[in-house]
Amino acid sequence: MGRKLLLEHINVPGINTFEVYRQKGGYRAVEKVLRAMSPEDVVEEVKKSGLRGRGGAGFPTGMKWSFLAKPEGKPRYLVCNGDESEPGTFKDRYLMTHIPHALIEGMIVSSFALGANTSYIYVRGEMMPQIRILEKAIAEAKNAGFLGKNILGSGFDLELYVQPGGGAYICGEETALIESLEGKRGNPRIKPPFPAISGLYNCPTVVNNVESIAATVPIINDGGEEYAKIGLGRSTGTKLISASGNLNKPGVYEIELGVSVEEFLYSEEYCGGIANGKRLKAVVAGGSSVPILPANLILKTVNNEPRLMTYESLADGGFASGTMLGSGGFIAYDEDQCIVRNTWNFSRFYHHESCGQCSPCREGTGWMEKVLHRLEYGHGKLSDIDLLVDVSKKIEGNTICPLGDAAAWPVASAIRHFRDEFEWHVTNPQEAVSRNYGLAHYADPLPKLENVAAS
Amino acid sequence: MSDKVKVTIDGITIDVEAGTSILNAARQIGGDIVPPAMCYYSKLQGSGGKCRTCLVKVSKGSEKDPRPMPKLVASCRTTVMDGMEVQNITSPEVTEARKGVVEILLINHPLDCPVCDQAGECHLQDLSYEHGSEATRYEFERRTFDRIDIGDKIQLHMTRCILCYRCVYTADQITEQRVHGILGRGDAAEISTYIEKAIDNDFSGNVIDVCPVGALTDRTFRFKNRVWFTKPVDAHRDCPTCSGKVTLWYKGEDVIRVTARKDEYGEVEEFICNTCRFDTKKTSDWVIEGPRKINPHSVISANHYTQLMPPSVVRKNPALLEANKEQFERSTKL
Amino acid sequence: MLKISDTEEVIFSPELISKFNEIVARYPEGKQKSALLPVLHLVQAEYGWVSTPAMNKVADYLDIKPIEVYEVATFYTMFFLEPKGKYVLEVCRTGPCSIVGADKMMKYIEQKLGVKEGEVTEDGLFSWRGVECLAACGMAPVLQIGPDYTYYENLNEAKVDELIDSLRLKTVEKPQIN
């Protein structure tokens, strides 16, 4: 059994209440930082832990914190990004639902480290039940003296508020989230300036994912060095993985980074294998935005080494044969799934969610969706496949925010790895609307590298 | 330390004030190396960064940190650093990306230039001419909107809009009450007032001048003439509301349109009021300053002669030379 | 849900206003525009949708221009700008839900309610629409119903039947107080 840091007490009845959470050692981290540590010490611990942003980008949290500008006379803000909307990702919802005080405690610790006296938790509007849960948890914590003025007699004040979104994936982008929190359309800002210099209300701001903030609690309790011992290399600690798709046991799992993909997929401790006795065809490992990989490439790298659940191992091979850990949204596809249909579905998502501010994303996402729709429904042309690759290249890297890349990668990677399935949709249009391409060779063992080189 | 920084764009080095954007540094150099800008407008705070036509490659970040920037950057919103090296037309990557942006800007554009009042002074037309391809790869129905009159003077033709946001910034920054904005999202976003409402205040007409395409046009000029058949003349009057410095567009003896004076990048020099723009169309209302200088390469200059430069074939023939002189005098007479 | 036409004036109840006040107090002075999204949610919960007069009133209340409210309300997909059924079944249609039967579920709901996506049933009770990822992929297929946005997970036809029947019943049983 891997170590659990965030979900250790998840099965304790009543862990969603302050009382039980406290009995299980909750709010020790707050006591520790307020009584025995300086804000700089806290930042230092988080740096030592090697914690990387759990929202998708994987940027070291401690380093992000150290960039925060501290001009005199200006408030600083911590905003928690609970706008979880990346298809395949539902870990933050799980955490907020079942163990809300882990987030509240992390918010207090992190706000103290950053010198923020008002912090906001921005939660997507669709998660109204979670918003109510968090509001209740905040009231409980405040009642117990962990929020408000002069917390535990330390002189540190903190007010915590929950802000609902309104239904927009783009608000998961930190500057769009800030705009939304200011009561505006969720148009990402043009950077620089970065939020660390000028964020919410033009004040220095840090935006962190729910899981990243919750992870500061075990880091403070056990020390950054202890946290860094878990995991592998630069992928330290534990990570919540949202497992969905055609699995026997979909759900949220806390893994020690470094578990092999094969173990995660097939062991009884985690996903328990593919549902209905089917075979695995493909995996999207880190939320819909990351490149999709066929079964053989997700289980092994091109060097025929086992693929591990770490930032580095999943990215092994770059865009040619690798993917990304992203937000940990792990979607498994069985042999009956159609990759063309899935790619169209994802591109419809990005088309729907593009804010429309910059031209390549606004127009390009719709164009890709239309071409993919045509391919899926048997009206495509072979040239459409190259057209898609070209349009995706026109979007990628040329937009204001990463949504453009996120829309381009799934299309480009699906064509890269499943080109014959796309071509089959064009050459067998009748068949393509009535049946799926099937597993084909996508789970075949990878050829040995030497052989490829020799042939 | 001086406040000047050194920046090199396409191999041309210039010293500019610290804080200048790459685009404005390029404009100080001038010529072909100036990136096109569809959404940036120097007089509108916060504009720029959206259309992505001005993308450039920063091959050297600065003297201090010479690493290149990983992606192409919007030159209108990227500040120059001392020692920065930028590639615009010398980078195939940039020209390829720009071609892509133009193609994408055009996939939902109606290409109705033959019936568009903006034709001839349309930035999208210029951009497509310079960077576009002759055919489109887009094979789907184009997005259309109903044409609406916002007030009796301004027409909104949303189908032509490229969502540059300039008119929104204009309404925000130079008028008191903004009633139009961007509604909807993604490719369904549109400029609108939501409920039928006239845009009505002293400076509302300026949205026409800042619009880079034919989405916002002057209803008093609608279908009156092609701009290249009209003659621009600078004039001013003593206006209680604005500077009163305008360009009058003549057709024969008649003023058929009044606009603000625009510089070589299509930006107005000073915003003008609606009275000057819409209601002051008699020559006697104005003090005429002289012909408006328009870039000789512009289509607007096609029928205009500001100085007598007969081609060599005409110069050799005294009869032709005389006829040419006569025509010049006729056309330069106000 | 109150039936109000788009031109009818809206007057917010004192209870609603006091909820607004509570929200505005969360932000620094002068930043009351931040309250726009939570306020619009409250308006929609009260009236079932967000009408133009309601938006104008919100603009008044927050001391911002009406267009600023329209811009925001049309950007976010949760706000209904026209009347909908009392219960709007919002079915997730994105990837992970789609591969385990969301498309079939939407067809079933369409057939069961007898109205197309976005339309309202004759009794005014139901609307349905496909929405993008609801972040409940492990419990797919899933749908949500406002204004409290309860999630209904691991859907199948029987569960949809049960849900729709119970909502119908709930409406019938609810005592009418004048």
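The values are calculated or read from the model by the stated rules, or taken from the named source; none is laboratory data. Since the structure is predicted, the reported quantities are computational estimates derived from the model, not experimental observations. Because the Cβ atoms are built from the backbone with ideal geometry, glycine has one as well, and the counts that use them run over all protein chains shown.
Condition check ((1) assigned to a loop (DSSP other than H, G, I, E, B); (2) in contact with an Asp or Glu (Cβ under 9 Å, 6 or more places away or on another chain)) across all residues:
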| site | (1), (2) |
| --- | --- |
| A:352 | no, yes |
| A:366 | no, yes |
| A:401 | yes, yes |
| A:408 | no, yes |
| A:411 | no, no |
| A:422 | no, yes |
| A:442 | yes, yes |
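Within segment C:139-157, the set of residues being surrounded by 15 or more Cβ atoms within 10 Å (Cβ to Cβ), touching a strand residue (DSSP E or B) at 6+ places or on another chain (Cβ under 8 Å) and either of a type outside the set (A, V, I, L, M, F, W, C) or without any contact (Cβ under 8 Å) to a residue 40 or more places away in the chain (or both) comprises C:139, C:141, C:144, C:146, C:151, C:152.
Looking at B:37, B:97 in this structure, which one is among the hydrophobic types (A, V, I, L, M, F, W, C), part of a loop (DSSP other than H, G, I, E, B) and surrounded by 14 or more Cβ atoms within 10 Å (Cβ to Cβ)?
Working: B:97 fails: part of a loop (DSSP other than H, G, I, E, B).
Being among the hydrophobic types (A, V, I, L, M, F, W, C), part of a loop (DSSP other than H, G, I, E, B) and surrounded by 14 or more Cβ atoms within 10 Å (Cβ to Cβ) holds for just one of B:37, B:97, which is B:37.
Residue selection: residue B:99 satisfies the criterion of being basic (Lys, Arg), farther than 20 Å from residue B:31 by Cβ and within 11 Å of chain A (Cβ to nearest Cβ). Residues that are buried (at least 17 other Cβ atoms within 10 Å of the Cβ) and not small (Gly, Ala, Ser) within segment A:9-27 comprise A:9, A:15, A:16, A:18, A:21, A:22, A:27, listed in sequence order.
Yes/no matrix, rows are residues, columns are (1) in a loop (DSSP other than H, G, I, E, B); (2) touching a residue at least 24 places away in the same chain (Cβ under 8 Å); (3) buried (at least 21 other Cβ atoms within 10 Å of the Cβ); (4) within 14 Å of chain A (Cβ to nearest Cβ):
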site: C:89; (1), (2), (3), (4): no, yes, yes, yes
site: C:110; (1), (2), (3), (4): no, no, no, no
site: C:135; (1), (2), (3), (4): yes, no, yes, yes
site: C:159; (1), (2), (3), (4): no, no, no, no
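Being closer than 24 Å to residue A:126 by Cβ and crowded, with 16+ Cβ neighbours inside 10 Å is true for just one of C:71, C:22, C:82. Which residue is that? Give the steps one after another, and end with the answer.
On the way: C:22 fails: crowded, with 16+ Cβ neighbours inside 10 Å; C:82 fails: crowded, with 16+ Cβ neighbours inside 10 Å.
Just one listed residue meets the conditions, C:71.
Listed residues A:38, A:66; which is touching a residue at least 12 places away in the same chain (Cβ under 8 Å) and at negative phi?
One residue alone meets the criteria, A:66.
All conditions but one from (1) farther than 23 Å from residue A:359 by Cβ; (2) more than 14 Å from chain A (Cβ to nearest Cβ); (3) touching a residue at least 60 places away in the same chain (Cβ under 8 Å) apply to residue B:19; the one that does not is (2).
All but one of (1) within 24 Å of residue A:358 (Cβ to Cβ); (2) polar (S, T, N, Q); (3) in contact with a strand residue (DSSP E or B) (Cβ under 7 Å, 6 or more places away or on another chain) hold for residue A:163; state the number of the condition that does not hold. Here residue A:163 clears every test but (1).
Kindly indicate whether residue B:15 is farther than 20 Å from residue A:362 by Cα, not in a strand (DSSP E or B) and not assigned by TED's automatic domain parsing to the domain that holds residue B:266. I'd like the intermediate steps shown before the answer.
Working: farther than 20 Å from residue A:362 by Cα: yes; not in a strand (DSSP E or B): no; not assigned by TED's automatic domain parsing to the domain that holds residue B:266: yes.
No.
If you go through segment A:173-209 and keep only what is surrounded by 18 or more Cβ atoms within 10 Å (Cβ to Cβ), of a type outside the set (A, V, I, L, M), outside any loop (DSSP other than H, G, I, E, B) and more than 8 Å from every other protein chain (Cβ to nearest Cβ), you end up with A:174, A:175, A:179, A:205, A:208, A:209.
Scoring residue B:150 on the criteria (1) surrounded by 22 or more Cβ atoms within 10 Å (Cβ to Cβ); (2) in contact with a helix residue (DSSP H, G or I) (Cβ under 7 Å, 6 or more places away or on another chain) leaves a single failure, condition (2).
Of the residues B:47, B:42, which single one is assigned to a loop (DSSP other than H, G, I, E, B) and surrounded by fewer than 19 Cβ atoms within 10 Å (Cβ to Cβ)? I'd like the intermediate steps shown before the answer.
Numbers: B:47 fails: surrounded by fewer than 19 Cβ atoms within 10 Å (Cβ to Cβ).
After ruling out the rest, the residue left standing is B:42.
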